[in-house]
Structure formats: C-alpha cells, structure tokens
1. Are there strands (runs of 3 or more DSSP E) fully within region 130-210 with at least 1 residues that are touching a Ser or Thr at 6+ places or on another chain (Cβ under 7 Å) and open to solvent by 30 Å² or more (accessible area, probe 1.4 Å)? List them.
2. Check LEU77, LEU92 and return the single one that is aliphatic (A, V, I, L, M), within 15 Å of the ligand (Cβ to nearest atom) and either part of a helix (DSSP H, G or I) or free of Cβ contacts under 8 Å to residues at least 12 places away in the same chain (or both).
3. If you scan region 95-112, which residues turn out to be within 16 Å of the ligand (Cβ to nearest atom) and either acidic (Asp, Glu) or at negative phi (or both)?
4. Considering every residue within region 248-267, establish whether at least one is modelled with pLDDT under 95 and open to solvent by less than 50 Å² (accessible area, probe 1.4 Å).
5. Just checking, how many residues over region 44-84 are touching a strand residue (DSSP E or B) at 6+ places or on another chain (Cβ under 6 Å), of a type in the set (Ser, Thr, Tyr) and open to solvent by less than 20 Å² (accessible area, probe 1.4 Å)?
6. Within region 10-74, considering only strands (runs of 3 or more DSSP E) that don't extend past its boundaries, which have at least 3 residues that are more than 14 Å from the ligand (Cβ to nearest atom)?
7. Sort out which residues of region 229-242 are surrounded by fewer than 23 Cβ atoms within 10 Å (Cβ to Cβ) and either at pLDDT below 95 or farther than 18 Å from VAL271 by Cβ (or both), and write them in order of number.
8. Please verify whether PHE183 is in contact (Cβ under 8 Å) with a residue 40 or more places away in the chain and more than 16 Å from the ligand (Cβ to nearest atom), treating the condition exactly as stated.
Amino acid sequence: MTESQAFGHMSKGIWWVEDYFSGRGLVAYQIEKFLFDEQSDYQRVRIFDTKDYGRVFTLDDLMMTNELDEFAYHEMLVHIPLLAHPNPEKVLIIGGGDGGSLREATKHPSVKEARLCEIDGMVVEAAKQYLHYTNAGFNHPSSIVTIGDGIEFVRQHPNSYDVILIDSTDPVGPAEALFAEAFYNDVLTCLRPGGIVAQQTESPYFTPQSVKMIYSILHKVFPHVHTYMSMIPGYPSGAWSFSLVSKDVETPTQHFNSQRVKALGDLKYYVPEMQQSAFVLPAFVQKLVKGE
Ligand code: AG3
C-alpha cells in the first residue's frame, strides 16, 4: 500500500475529507470550486463549493459550517440558552466568525447588544464576502464585532453579559484554551446575575474522551451543568453535544416562555419541545458527562 490511499466507492474529482481524530475519515464532499484559501495568523481558512452539500467553510481542514446543515448547529447553540434566560439583553459570542450565531442571536427582540469576539479577522472578512448563508447578522443594528482574543475580552468585562456563547472549533490548536478551567472561571465572572453560557462540546461518539474532560472541568466551575444534543451531519459522527451552564439558573425550562419562540420567526431546527427533549441523552452520553 502506498502511504496514503483511499478505497471505497468515490466518483472522480477532488474530494475534501475530514480526518479529525485517530485516522477516521469522516464525511467526504466532492469539491466543485475553491473560493477562498488562505493561511491566517492562526489557521488555514478555506471556503469552497461542493457538489451536493452547498458551500463549506473549514478551519485547518475541519468542518466549521456548511450551507446545508448550519441551522442545526446555530439554532441550537443560540436559542436553547437565550430561551433559558428570562430577558437576554447582552449576548457575547466567542469565536463564531462565520456569523451564524450572530444571525440567530439578533432574532431575539430583547437583545440590545450582540457582540462577536473573534480572534481571526480573516474569518470575519471571508464570511462577509463568501458566506451569504450565515453572514446576515453582521448588518443588524445590535451587532458589534470585536476582532480579538475572547479570553482577554471576558477577563476585561466582569459582570457584563446575560448569555455567553462559545462558538469555537475543537479543543486543539487556537481553541484549546476555550475549554480550560481558567477560562471558565473568567466566563463565570463575565456573566451578569442570572447569566447563562452555552458551548459546543464535541462528539460523544468520535471524541468521548474530550467530552468527558470538558464536562469534568465544567462541573468544577459551574453549579448547574446540563448537556443537550443536535443532529449535524457535517460534523464528525453527526451527533453533536452542547453544554448549558449557569451559576444560578437551575434548569433550561424554568424561564421558558413559548411566546418568545413565535417572535423568532421561521426556524428550521428548533421547536419549543426541544427546550426539554434536547436534554434527553443516550445512556452512554449520560455516563460520559457524569465522568463515568
Ligand atoms: N463550530 C465548530 C464545531 C466543531 C466542529 N468540529 C469538527 N468538524 N471537527 C464552528 C463554528 C460554527 N459557527
């Protein structure tokens, strides 16, 4: 066998395959056209059109988002925590340079400030130019973009935000510190009373050890830790987990009001029942997040 060879049924052409963890080739997409391909100060930023999966955005060759299933990630990362909060006025998004989370956060009429703090200005510029399906939120009057380090930002803004969304890549490379205890402590102080945090927390199937590690740290810092899931075919295994944590909000539903969902307009993934059902976890995931 040559050093790198693929078997299986693949039609001719150039394919993009994510190989995130232990040599598992994950979803593969046939590329039609490269639109953007640059090395930033932090990572390799690529945007390309695929044959059947729309426009794809990758960082260091990991799938960040794509035209066909981005809604399953962004709606769940954003609406679950915002609807768990009684009146979110100030929302901070750490990472999320594609704009998808900003777009969803600005749909909430209570939100007066939706601030995106993204370390890599190149991602925001590329998204504004090429990611028409996520970039609408950049033009909203309550949106503010800060190009900078989210870790520094939370440290410098104690007692400032109602909801913090950590919309990062995997806990390797530039995003590793966004899964660390020191950062979570700063996030806790960055919250206003009643504040809530949601974070993407990886795939229980493909990276169970990361999931276990993330939740063991979250449990050290936050009194209330919940896990929920969404089905996102473009990510490793398609089954993706998220955390919802708080110092003082005990459950995802205690402040829930279904009238507020109506005000969000047409959604593609989130339905009010998910404020409860998304937290019903398969047995093996329950064990992982308990550290078993
Ligand atoms: N959020 C990326 C989630 C992690 C995906 N991991 C992977 N493909 N290995 C991306 C930001 C979307 N706004």
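1. 191-200
2. LEU77
3. Residues satisfying the conditions are GLY97, ASP98, GLY100, SER101, LEU102, ARG103, GLU104, ALA105, THR106, LYS107.
4. no
5. Residues that pass the stated criteria total 3.
6. Output list reads 28-39, 44-50.
7. PRO233, PRO236, SER237, GLY238, ALA239
8. In short, no.
The values are calculated or read from the model by the stated rules, or taken from the named source; none is laboratory data. What you are looking at is a predicted structure, and each value in this text was computed from that prediction instead of being measured. Don't worry about glycine lacking a Cβ; one is built from the backbone with ideal geometry, like all the others, and counts go over all protein chains shown. Just so you know, the surface numbers come from the protein's heavy atoms only, side chains and all, with ligands and any DNA or RNA stripped out. Shrake-Rupley method; radii C 1.70, N 1.55, O 1.52, S 1.80 Å.
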